[in-house]
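The values are calculated or read from the model by the stated rules, or taken from the named source; none is laboratory data. Source: prediction; values computed, not measured. Using ideal geometry, Cβ is built from the backbone for each residue, glycine included, and neighbour counts are taken over all protein chains shown. When the accessible area is computed, the model is the full protein with side chains, heavy atoms only, and any ligands, DNA or RNA have been set aside. Shrake-Rupley method; radii C 1.70, N 1.55, O 1.52, S 1.80 Å.
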Amino acid sequence: MAEGQEQRVRWYEGLTGYHWLVLTVAALGWAFDTMDQWLYVLARQPAMAELLKAAPEDPQVARYAGIVQGIFIFGWATGGFLFGVIGDKWGRTRTMIVTILLYAGFTGLTAFAQNWYQFAVFRFLVGLGVGGEFAAGAALVAEVFPPHARPMALGIMQAASAIGNMTAGLINLTVGASLGWRWVFAVGFFPALLVLIIRMFVREPERWEHARQEALVGRTQLGNIAEMFGDPRWRRNAIVGISLAAVGVIGFWGIGTWSPDLLRLVLNPQNLPELKSHTERMVSIAIMAQNFGAFFGILSWAWVAERIGRKGAFSLSFLSCLFVVPLTFLATNSFASALMLFPLLGFFTTSLFGGYAVYFPELFPTRLRATGTGFCYNVARYLAIAGPYTFGQLRAIFGIRAAGAILSGIFLLGLAVLPFAPETKGKPLPE
């Protein structure tokens, strides 16, 4: 088909029922993954306050919350690195099964934490599963879908993360406001049931099976880190991917996920007990609005990238974040203003992750796709661990508003990296 004709094909044309099954399973796996992440974001402050036996506004709560979040991101990075390699060696579906069981099981066990040390250990183990699941799911979708449908399918998979985040807000609105933070984490166990569907109905992609056969006869190796860094092309792509991912991770986990604490401060500055239930309901609604914006931000990135290219879409997102992030932290002074600004915060900071879902699988060949995607998306978190820790320290010294405004400068780094990034729009997956 000529290039001009291919551009007129709708992205969903020619897809079979199996394509939709794979997309549904991958999207649900990632949605439940991010749901368990945001259950923590929403329950973090009350959980840490209880475990430390301190008032929520005590600076120690912010400090230790930053430490625990840094430990979680360390686990996320470790899981992304390990399970990225495992995803190429074991296969996409087997890796998804193991990682889903990890993040769901240990989210449920977090409900039984008796001190902040146990809380931190459970978050580390959740992070292992969270980090590994994305690379396997993204590689599965990228390899099953035809080229004309791949960007939008990956965008939909990533956009499902916002559905997971909104579900977490709904759980906190209902379960958290009435039963407390322990029950919020207990609900996070149920995504483990998705494993049954994957085990019964999803098979390994033909691309991966072919790469596995090549490896069995000694022609190639699956998940070979040495090859990724020994080949100049894959090495450059890995360094670019890590740098881009570090910006988004710091922007999201180091800044964007502190929006619940910002709104709690606005709605209940003196932490009056009689206002706590009402405050938590308002926070849950605002976070659902933030993730409603995130859903459209991710889908918009995929749409924009198909028109102006991957690098152009990244540039637009970074520039927008430089404006919207400090605006949100400095101008949110009521529930009404949060409902206007939080969706914008979610739209732009999370749009970058739509970029990672589309772009990273396009940077590496099949034998290194999960390894490279996991490496870029998750090893960058080692660099980003300083984000939540720094935010916690800045908040303790200058307050939450200044902390958000100061750290927003990280998006300048993303703009500096883009000149070195390859443009993959309109190109086939490398083999």
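Can you tell me which residue is least open to solvent (accessible area, probe 1.4 Å) among those in the stretch 265-292 that are free of Cβ contacts under 8 Å to residues at least 60 places away in the same chain and of a type in the set (Gly, Ala, Ser)?
Taking the candidates together, the pick is ALA286.
Per-residue answers, yes or no, for (1) over 18 Å from VAL247 (Cα atoms); (2) at pLDDT 95 or above:
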| site | (1), (2) |
| --- | --- |
| TRP303 | yes, no |
| SER315 | no, yes |
| TYR359 | no, no |
| THR366 | yes, no |
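Considering only the stretch 261-311, how many residues are out of contact with any Ser or Thr (no Cβ under 7 Å at 6 or more places or on another chain) and not in a helix (DSSP H, G or I)?
Summing the residues that are out of contact with any Ser or Thr (no Cβ under 7 Å at 6 or more places or on another chain) and not in a helix (DSSP H, G or I) in the stretch 261-311 gives 5.
Restrict the check to the stretch 235-256 and report whether at least one residue is at pLDDT 90 or above and of a type in the set (D, E, K, R).
Checked against the condition, which is being at pLDDT 90 or above and of a type in the set (D, E, K, R), the stretch 235-256 yields at least one hit.
Checking LEU330 against (1) surrounded by 21 or more Cβ atoms within 10 Å (Cβ to Cβ); (2) touching a Lys or Arg at 6+ places or on another chain (Cβ under 7 Å): exactly one of these is not met. Which one?
(1)
Evaluate the stretch 362-376: report whether one residue or more is open to solvent by less than 10 Å² (accessible area, probe 1.4 Å) and not in a helix (DSSP H, G or I).
yes
Take GLY354 and decide whether it is under 19 Å from the mean Cα position of the chain (by Cα) and of a type outside the set (A, V, I, L, M, F, W, C). Can you show your working first?
Working: under 19 Å from the mean Cα position of the chain (by Cα): yes; of a type outside the set (A, V, I, L, M, F, W, C): yes.
When the stated conditions are applied, GLY354 passes them.
So, in the stretch 383-424, of the ones that are of a type outside the set (A, V, I, L, M) and outside any helix (DSSP H, G or I), which residue ends up surrounded by the most Cβ atoms within 10 Å (Cβ to Cβ)?
Of everything passing the filter in the stretch 383-424, THR424 is surrounded by the most Cβ atoms within 10 Å (Cβ to Cβ).
Could you list, in sequence order, all residues of the stretch 87-141 that are among the polar types (S, T, N, Q) and in contact with a Phe, Trp or Tyr (Cβ under 7 Å, 6 or more places away or on another chain)?
THR95, THR99, THR107, THR110
Looking only at the stretch 102-147, count how many residues are among the hydroxyl-bearing types (Ser, Thr, Tyr), farther than 26 Å from GLU204 by Cβ and open to solvent by less than 10 Å² (accessible area, probe 1.4 Å).
2
Search the stretch 15-65 for residues being of a type in the set (S, T, N, Q) and open to solvent by 50 Å² or more (accessible area, probe 1.4 Å), and hand back the single one that is nearest to the chain's Cα centre (by Cα).
The qualifying residue nearest to the chain's Cα centre (by Cα) is THR24.
Out of ALA49, ALA54, ALA113, I need the residue that is at pLDDT 90 or above, out of contact with any strand residue (DSSP E or B) (no Cβ under 9 Å at 6 or more places or on another chain), over 30 Å from ARG369 (Cα atoms) and of a type in the set (Gly, Ala, Ser). Which one?
After applying the criteria, what remains is ALA113.
What about PHE314, is it among the hydrophobic types (A, V, I, L, M, F, W, C), assigned to a helix (DSSP H, G or I) and open to solvent by less than 40 Å² (accessible area, probe 1.4 Å)?
Considered against the rule, which asks whether it is among the hydrophobic types (A, V, I, L, M, F, W, C), assigned to a helix (DSSP H, G or I) and open to solvent by less than 40 Å² (accessible area, probe 1.4 Å), PHE314 comes out as yes.
With (1) part of a helix (DSSP H, G or I); (2) among the charged types (D, E, K, R); (3) without any contact (Cβ under 8 Å) to a residue 40 or more places away in the chain as the list, and ARG10 as the residue in question, which single condition is left unmet?
Answer for ARG10: the failing condition is (1).
Taking ARG94 as the residue in question, decide whether it is open to solvent by 10 Å² or more (accessible area, probe 1.4 Å) and modelled with pLDDT of 85 or more.
yes
Just one of the numbered conditions (1) closer than 30 Å to ARG307 by Cβ; (2) in contact with a helix residue (DSSP H, G or I) (Cβ under 9 Å, 6 or more places away or on another chain); (3) not aliphatic (A, V, I, L, M) is not true of GLU13; which one?
Of everything listed in (1) closer than 30 Å to ARG307 by Cβ; (2) in contact with a helix residue (DSSP H, G or I) (Cβ under 9 Å, 6 or more places away or on another chain); (3) not aliphatic (A, V, I, L, M), GLU13 misses just condition (2).
Got at least one residue in the stretch 162-180 being touching a residue at least 60 places away in the same chain (Cβ under 8 Å), open to solvent by less than 10 Å² (accessible area, probe 1.4 Å), of a type in the set (A, V, I, L, M) and closer than 30 Å to ARG207 by Cβ?
Yes; the residues of the stretch 162-180 include at least one that is touching a residue at least 60 places away in the same chain (Cβ under 8 Å), open to solvent by less than 10 Å² (accessible area, probe 1.4 Å), of a type in the set (A, V, I, L, M) and closer than 30 Å to ARG207 by Cβ.
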